[in-house]
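Remarks on the structure that follows.
The values are calculated or read from the model by the stated rules, or taken from the named source; none is laboratory data. Since the structure is predicted, the reported quantities are computational estimates derived from the model, not experimental observations. Cβ atoms come from the backbone with ideal geometry, glycine included; neighbour counts cover every protein chain shown.
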Amino acid sequence: MSSKLFSPFAIRGAAYANRIAVSPMAQYKGDNGSATRWHDQHLGSFAASNPGLVFFESTSVEREGWGSLDCLALHSDEHETAIRQVLGNIRTYSETPFAIQFGHSGRKGSGKTPAGGRGPLPVEEGGWPVWGPSEIAYADGHPTPVAFGDDDLDRVRESYRQAAERVNRLDLTLVELHGAHGYLLHTFMSPLSNQRADAYGGTLKKRTAFVAEIVEIVRRELHDDRVLGIRLNAHDYVGEGTTFEDTIEIVKILQDAGLDYVCVSAGAITNEAKIEQSPGYLVPFASKLKKATNIHAFVTGMIIQPHQAEEVIADGHADMVEIARGFLDDPRWVWHAAEALGVELDFMMQYWMAKPGRWPGARIIRGTVAAE
């Protein structure tokens with residue numbers, strides 16, 4: 001069959017062999033912000049399976065924006081060198097394109113890892129002040145953020161610029177700004193976290209102004225052939241927060257600033273957000289957003305089955321699917337999707353013995369024939 005999921009996709013100066021992207025996934029295995037050998041095997045296992053694109057996890061653009069002490073960063077030569085080393089190692093066996101997500105945790109920063117119990121990291125355990133557009137904490141028990149002054153905003157602008165400059169020296173085809181899940185850029189856009197009375201607060205356009213500046217700065221710094229996108233919540237999932245109609249208007253503003261695509265996502269702006277998840281629950285939002293703005297749309301959110309992903313692309317709801325936990329569960333998701341959709345893929349020679357048609361166990365393990 002002819003598969004739309006496995007059709008090529010070109011955007012700006014980048015070309016991808018299929019519409020499958022491995023979504024950014026925090027690993028909490030950084031060494032003072034630097035990628036490690038963990039990332040070699042974690043990202044390399046995905047790249048070996050030939051998705052269209054693989055993302056590095058959300059990577060902080062400044063020290064004040066770290067989510068935890070073990071998260072990745074890109075604001076020093078050491079950080080840049082570590083990412084270059086990971087990419088260089090992977091390039092010895094795979095040409096799969098790579099991307100990076102620029103992050104700044106804002107008022108959700110200075111946290112414990114999942115293994116450490118999550119929640120805020122106390123100062124006496126190495127925690128640091130967190131930042132936000134206004135002095136409004138994420139939730140009870142979380143620190144009140146320091147509200148940005150003019151000099152602080154300049155610092156953040158420069159942090160995104162220098163990260164983009166570093167990307168130009170790395171083998172990365174795409175940058176995705178993290179503007180969702182209650183992190184810094186999201187908090188500027190939401191009235192639940194932004195109650196400023198200056199040029200960056202009040203109306204939706206003003207609340208989006210700082211994010212638009214970041215888009216402009218990164219786009220101006222990046223080479224022309226590098227793709228620039230942003231991950232946005234479909235809406236805030238809390239009353240009085242941003243609506244989906246607001247998100248459409250935000251995207252229009254960011255398009256004018258130089259944005260190439262939007263990845264539709266969902267994450268908590270406050271701990272009161274109630275997000276009901278089900279397979280493909282964000283696809284309708286991506287579809288409507290794509291039609292309303294004519295922007296390229298990526299989508300995430302429990303896209304887990306090959307035929308489901310095929311339908312998303314074939315019906316024009318999105319241009320690319322970003323899959324996270326599906327790849328944690330099955331790093332060979334691409335191969336199994338191709339098999340399910342009747343697509344012939346090239347396997348690395350080292351894995352030929354597991355190809356359908358060569359290994360009878362493939363049909364048994366996939367449930368297409370009964371084991372004798």
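Report, by residue number, each residue of the range 299-321 that is of a type outside the set (Val, Ile, Thr) and in a helix (DSSP H, G or I).
Scanning the range 299-321 gives Pro306, His307, Gln308, Ala309, Glu310, Glu311, Ala314.
Could you please find all residues in the range 92-132 being surrounded by 14 or more Cβ atoms within 10 Å (Cβ to Cβ), hydroxyl-bearing (Ser, Thr, Tyr) and over 19 Å from the mean Cα position of the chain (by Cα)?
Ser94, Ser110
Restricting to the range 55-99, name every residue that is part of a helix (DSSP H, G or I), out of contact with any Asp or Glu (no Cβ under 6 Å at 6 or more places or on another chain) and over 10 Å from Gly33 (Cβ atoms).
Glu64, Gly65, Asp77, Glu80, Thr81, Ile83, Arg84, Gln85, Gly88, Ile90
Restricting to the range 329-367, what's the tally of residues that are at pLDDT 90 or above and in contact with a His (Cβ under 8 Å, 6 or more places away or on another chain)?
So the count comes out to 3.
Answer with yes or no whether Glu272 is acidic (Asp, Glu) and part of a helix (DSSP H, G or I).
For Glu272, the condition - acidic (Asp, Glu) and part of a helix (DSSP H, G or I) - is not met.
Quick check on the range 289-298. Is at least one of its residues of a type in the set (Val, Ile, Thr), in a loop (DSSP other than H, G, I, E, B) and modelled with pLDDT under 95?
no
With the structure loaded, tell me whether Ala318 is modelled with pLDDT of 95 or more, within 20 Å of Phe9 (Cα to Cα) and small (Gly, Ala, Ser) or whether it fails that test.
Criteria met by Ala318.
Just need a number here: residues in the range 237-251 that are assigned to a helix (DSSP H, G or I) and out of contact with any strand residue (DSSP E or B) (no Cβ under 8 Å at 6 or more places or on another chain).
Qualifying residue count for the region: 5.
I want to confirm something. Restricting to the range 9-43 and keeping residues that are of a type in the set (D, E, K, R) and at negative phi, which single residue is surrounded by the most Cβ atoms within 10 Å (Cβ to Cβ)?
For the range 9-43, the residue satisfying everything is Arg19.
Does the range 252-264 contain at least one residue that is surrounded by fewer than 15 Cβ atoms within 10 Å (Cβ to Cβ) and assigned to a loop (DSSP other than H, G, I, E, B)?
Looking through the range 252-264, none of the residues is surrounded by fewer than 15 Cβ atoms within 10 Å (Cβ to Cβ) and assigned to a loop (DSSP other than H, G, I, E, B).
Confirm whether Gly326 is assigned to a loop (DSSP other than H, G, I, E, B), touching a helix residue (DSSP H, G or I) at 6+ places or on another chain (Cβ under 9 Å) and at pLDDT 95 or above.
no
In this structure, is Val86 crowded, with 16+ Cβ neighbours inside 10 Å, among the aliphatic types (A, V, I, L, M), within 18 Å of the chain's Cα centre (by Cα) and closer than 28 Å to Leu232 by Cβ?
no
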